[in-house]
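Throughout, read-outs are computed from the coordinates displayed, never taken from laboratory work. This is a predicted model, so every value here is computed, not measured. Quick reminder, even Gly has a Cβ in these numbers, built from the backbone with ideal geometry, and neighbours come from all protein chains shown.
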Amino acid sequence: MTDRPIRLGLPWRLHHYQPLNGAHPLVLSFLEGNGAVEPLAITPVAATVPRETQTRVLARMTRQAHQVPDELLMSFLDWLSLPDQVAIESQSSACDALFLHTTPLHAASTPWIFHFESFPSLFMPFMFTGQTRGIELRSQGWFRQVRDRLASSDCKRIFSHMRSSLQILTRVFDSADIAAKCHHVPLGMGLRDVAELLPKFEPGGRLRILFTNSLHGNPGSFYLRGGHHLLEAFAQLRRHLPDAELTVLSAVPADLMARFPSSHFIGVNWINSRVDDATLDQLFLGHQLFALPAAGLHSHSLLRAMAHGCVPIVSDALGYEEYTSGIEDSVLMVRGVRDMVYRDEPEGWVSDRYEPYLAPSPGFAQQIHDRIAECARPDQLREMALRNLEHCRRRYAVPASHDAFNRMLQGH
């Protein structure tokens, strides 16, 4: 795009991005420490914006609204948020391009690049991840709306850290213009020194398991990440490992105490408020296992855990195979989530339905218990953690991620 650092406008602090995890560490990882880019934060408008700017944004929103059914019109306009779109338009002249993530619909006139992890998220607010079963995608007017936005000349690049998601996107949209913009950019994750990881694997120490909720802190995500299955498994585990500890970093779901007897919380350390990044690092460094038996993919959480020497417990939900391929013997896998939650659709994409996963499942709890019990020895966990750390070093180094991101920006 340019020989100087590329100026990317980041609207991630605006209200529109709150349900999209805002300035998530995953998307920040492409920028932090990357000298080839200059991030520019786009902030809410504090002063009066020229009337012509407001009119221009309103006109672009109106044109998009023509493709939206009447029953969805108000929610669509509220989702875009006129003040947020005006803020983007009024500040984007300082940028070479906007950096948008998760969902591509917006109303600015500036060139933009787009990052996504999961294909269904492209269609927010018309359908939401975990609630996409039974939708005939190509028959929806908003499918054509999203396809047109991605095919537009203003959309310069489309990239993902998920090869499978890119394959679905190009297959479903079936557009040479869109396919030509698509790039794979791996995540980059800073690794801890081996010396920092080894103390938690000393013989005689307690087995410590860490569970964290999503960045947005929604209490309901405790269940989406499999916290209820983990609590049941942990109660079983303590019957033969009474010193085991479980640390839960999550807001408390309102119905939690109605779902579990008080005995299930013996040995559980619950942190119900957000912690800073340094504290989270110490939590990872102090636990041998990281529990993520989730209904959906959480790429950044998984890599961060492995980079801190935590052996992960993950489900077979769509996408995890891209991170666990080659280290299957040092990852604890819970199977059956893929079959319960996901369905291959004839149009070439994969729909999802999270609701069944929220119910109690003795089978999932038993699997989690059994996987932990099979490898509870410190020496065994240490070897698994070191293999995973080397895996991250080979595949998810920060310099390689930045290099791929910068080549993507240049169109290579």
Inset, instruction - Could I have the simple spin-label model distance between residue 133 and residue 4, label points 7 Å from Cα toward Cβ, reported in nm to one decimal? - result: 5.4 nm
Legend entry - In order through segment 36-45: 3J(HN,Hα) via Karplus (6.51 cos²θ - 1.76 cosθ + 1.60), integer Hz, x for Gly, Pro: 7, 10, 10, x, 10, 6, 9, 10, x, 6
Legend entry - Extension gain (nm, one decimal) between residue 144 and residue 174, 0.36 nm per residue minus Cα-Cα: 9.6 nm
Legend entry - Lys, Arg +1 and Asp, Glu -1 on Cβ, resulting dipole of the chain about Cα centre, debye, nearest 20: 220 debye
Legend entry - Å³ per residue enclosed by the Cα convex hull of segment 77-194: 151 Å³
Inset, instruction - Work out, in µm²/s and without decimals, the Stokes-Einstein translational diffusion coefficient of segment 314-360 at 20 °C, 1.002 mPa s, Rh from Kirkwood over C-alpha pairs. - result: 181 µm²/s
Inset, instruction - Can you tell me the alpha carbon radius of gyration of segment 8-164 divided by the globular rule-of-thumb value 2.2 N^0.38 Å? - result: 1.02
Inset, instruction - Using a Gaussian network model of the chain whose springs link C-alpha atoms within less than 10 Å, name the residue from 366, 85, 282 with the highest mean-square fluctuation. - result: 282
Legend entry - Neighbour cut-off at most 10 other Cβ (10 Å), DSSP loop, chymotrypsin sites (Phe, Trp or Tyr not before Pro), segment 13-77: none
Legend entry - Restricting segment 103-142 to chymotrypsin sites (Phe, Trp or Tyr not before Pro) in coil, as DSSP defines it, with at most 15 other Cβ within 10 Å: 128
Inset, instruction - Once you have the Kirkwood Rh of segment 194-395 from its Cα pairs, apply Stokes-Einstein at 20 °C and 1.002 mPa s and quote D in µm²/s. - result: 125 µm²/s
Legend entry - Charged-residue dipole, Cβ positions (Lys, Arg, Asp, Glu), segment 152-264 about Cα centre, Debye nearest 20: 100 debye
Legend entry - Globularity ratio of the chain, using Cα Rg and 2.2 N^0.38 Å: 1.03
Inset, instruction - Choose one of 33, 314, 168: the residue whose Cα lies farthest towards the positive end of the charge dipole of the chain (beta-carbon charges +1 Lys, Arg; -1 Asp, Glu; about the Cα centre). - result: 33
Inset, instruction - Quick one: dipole size for segment 1-137, taken about the Cα centre, charges +1 on Lys/Arg Cβ and -1 on Asp/Glu Cβ, in debye to the nearest 20. - result: 180 debye
Legend entry - FRET efficiency, residue 400 to residue 55 (Cβ-Cβ, R0 60 Å, nearest 0.05): 0.85
Inset, instruction - Taking amide H positions as placed in the peptide plane 1.01 Å from N, state which residues far from residue 334 in sequence (5 or more) or on other chains have amide H under 5 Å from it. - result: 314, 315, 316
Legend entry - Estimated vicinal HN-Hα couplings, Hz - segment 224-235 in sequence order (Karplus 6.51, -1.76, 1.60; Gly, Pro = x): 4, 8, x, x, 5, 5, 5, 4, 5, 5, 5, 4
Inset, instruction - Please list the non-local residues whose amide H lies under 5 Å from the amide H of residue 350, H modeled 1.01 Å from N, same-chain partners needing a gap of 5 or more. - result: 345
Inset, instruction - Determine the distance separating the Cα centre of segment 185-261 from the Cα centre of segment 296-369; give it in Å without decimals. - result: 15 Å
Inset, instruction - Considering only 199, 346, 219, give the residue with the highest GNM mean-square fluctuation for the chain, with springs between Cα atoms whenever their separation is below 10 Å. - result: 346
Legend entry - Theoretical gain in end-to-end length, residue 163 to residue 62 [0.36 nm per residue, Cα-Cα removed]: 32.9 nm
Legend entry - Placed amide H near residue 38: partners under 5 Å, 5+ positions off or other chain: 6, 7, 8
Legend entry - Choice from 280, 386, 122 with maximal GNM fluctuation in the chain (Cα, 10 Å cutoff): 280
Legend entry - Dipole of the chain [Lys/Arg +1, Asp/Glu -1 at C-beta], most positive-end residue of 249, 361, 23: 23
Inset, instruction - Taking the dipole about the Cα centre of segment 194-395, with the C-beta of Lys and Arg at +1 and of Asp and Glu at -1, give me whichever of 222, 342, 260 is farthest to the positive side. - result: 260
Inset, instruction - Based on other C-beta atoms within 10 Å, arrange 88, 6 from fewest to most. - result: 6, 88
Inset, instruction - Tabulate in residue order the Karplus-calculated ³J(HN,Hα) for segment 334-339, using 6.51 cos²θ - 1.76 cosθ + 1.60 with θ = phi - 60°, rounded to whole Hz; enter x for Gly and Pro. - result: 9, 9, x, 5, 4, 5
Legend entry - Gain in span if fully extended, residue 70 to residue 380, counting 0.36 nm per residue against the direct Cα distance: 105.7 nm
